[in-house]
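The values are calculated or read from the model by the stated rules, or taken from the named source; none is laboratory data. If you're wondering where the values come from, they're calculated on a predicted model, not measured in any experiment. Positions of Cβ are backbone-derived with ideal geometry, glycine not excepted, and every protein chain shown enters the neighbour counts. When the accessible area is computed, the model is the full protein with side chains, heavy atoms only, and any ligands, DNA or RNA have been set aside. Shrake-Rupley method; radii C 1.70, N 1.55, O 1.52, S 1.80 Å.
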Amino acid sequence: QVQLVESGGGLVQPGGSLRLSCAASGRIYSIVAMGWYRQPPGKQRELVATITARRTTAYADSVKGRFTISRDNAKNMVYLQMNSLNPEDTAVYYCNANITGGPPIRTNNYWGQGTQVTVSS
C-alpha cells in the first residue's frame, strides 16, 4: 500500500514562510511526477507546482517567484518552500504523485490527506 503523508502546515503571518514536506511510503519502484495542489476555502482544488523525476519544475502564476518545489529521490520526498505568504495562500495543501509500485507492478496516482496553511495576522 502506497501512502503520501504531508507535514509542515500551520498558521503564519503575512510575509512569512513555511516549508511543506510530503513523504511517500510503501512498495515503491519509482516516482515519476510529484506535485502540490491546494484548495482555498469555498473554492476548487488548484495546481500549485509540479516536479518531474529529472527535477523539471512548473508553477502556477500566482506562486511564481515565491514558492519553490524540490524533491529528494533517495528519500521519496517532495517539498514546497513557501515565502512571502499572503492571505490568498490560505488553503489545504495536498501532495500528489504518480507512483509505480507493487506487486503487481502498476502506476497509480496518489493523494495525501492534506495539511492546512493559514496566513493571517
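Could you grab me the full set of residues in the stretch 10-33 that are touching a Ser or Thr at 6+ places or on another chain (Cβ under 7 Å), at pLDDT 95 or above, within 23 Å of ASN73 (Cα to Cα) and of a type outside the set (Ser, Thr, Tyr)? Once the filter is applied, which keeps residues that are touching a Ser or Thr at 6+ places or on another chain (Cβ under 7 Å), at pLDDT 95 or above, within 23 Å of ASN73 (Cα to Cα) and of a type outside the set (Ser, Thr, Tyr), the stretch 10-33 yields only LEU20.
The set of residues in the stretch 81-121 being of a type in the set (Asp, Glu) and open to solvent by less than 50 Å² (accessible area, probe 1.4 Å) consists of ASP89 alone.
Within the stretch 13-34, restricting attention to residues that are under 19 Å from THR68 (Cα atoms) and without any contact (Cβ under 8 Å) to a residue 60 or more places away in the chain, which residue is least open to solvent (accessible area, probe 1.4 Å)? Ranking the candidates gives SER21 first.
Scanning the stretch 69-121 for residues that are assigned to a strand (DSSP E or B), closer than 18 Å to ALA49 by Cβ and small (Gly, Ala, Ser) turns up SER70, ALA91, ALA97. Among ARG38, ARG54, which is over 15 Å from GLN3 (Cα atoms), among the charged types (D, E, K, R) and assigned to a strand (DSSP E or B)? Exactly one of ARG38, ARG54 is over 15 Å from GLN3 (Cα atoms), among the charged types (D, E, K, R) and assigned to a strand (DSSP E or B), namely ARG38. Specify the residue that is least open to solvent (accessible area, probe 1.4 Å); the eligible residues are those in the stretch 35-69 that are without any contact (Cβ under 8 Å) to a residue 12 or more places away in the chain and among the hydroxyl-bearing types (Ser, Thr, Tyr). Checked the stretch 35-69; the qualifying residue least open to solvent (accessible area, probe 1.4 Å) is TYR59.
Can you confirm whether the stretch 2-12 contains a residue that is open to solvent by less than 60 Å² (accessible area, probe 1.4 Å) and without any contact (Cβ under 8 Å) to a residue 40 or more places away in the chain? No, every residue in the stretch 2-12 fails to be open to solvent by less than 60 Å² (accessible area, probe 1.4 Å) and without any contact (Cβ under 8 Å) to a residue 40 or more places away in the chain.
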